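Scroll down for the structure; my scribbles are underneath it.
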Amino acid sequence: SVGSVSSSGSVQGSSLNVTGTASVGSLSSSGSVQGASLTVTGAATVTGVLTGRTNVVNQSTSLNPVVAQTTYVVGATSLTLTLPSSPTTGDKISFVPSTSSINNYTIARNGNTIMGLSSDLTVDTAAPFDLLYNGTGWVLS
């Protein structure tokens, strides 16, 4: 269990393995959890946002903005997940429904196009997908 990390604190390591329950309480603006891998056998609870190329975040509330290079396991319907306003070419965000009943949530475009359209994306199927920023807008990848 990682309770709270102060503004300059961090938890680092080449590998963090947890058997049982892992809980990250809170991270301030410059705190971080870093490692080559994070493996949890059991339940994992994350409050806030973790960033990195292999992060998986369970998301059951609306979030503004989501973070690039992160996989969001969507755990509720009627959410709005807002894309970053200033993405970089190659940024990728993955969305995976936690169950087959998660089939109604919104990806807000935050000023950029999605598939060339100037409208938010309504997700009405329980299928995983990735959005990739190609330099001019977000596209399914």
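Of the residues making up the range 86-100, those that are more than 16 Å from the chain's Cα centre (by Cα) and closer than 13 Å to VAL73 by Cα are THR99, SER100.
Any idea which of LEU121, LEU83, LEU131, LEU117 is among the aliphatic types (A, V, I, L, M) and farther than 19 Å from VAL57 by Cβ?
On the way: LEU121 fails: farther than 19 Å from VAL57 by Cβ; LEU83 fails: farther than 19 Å from VAL57 by Cβ; LEU131 fails: farther than 19 Å from VAL57 by Cβ.
Every option except LEU117 fails the conditions.
Every read-out reported here was derived from the displayed coordinates using simple, explicitly stated rules and does not represent laboratory data. All values derive from a computational prediction rather than experimental measurement. Every residue, glycine as well, gets a Cβ built from its backbone with ideal geometry; the counts of neighbours run over all protein chains shown.
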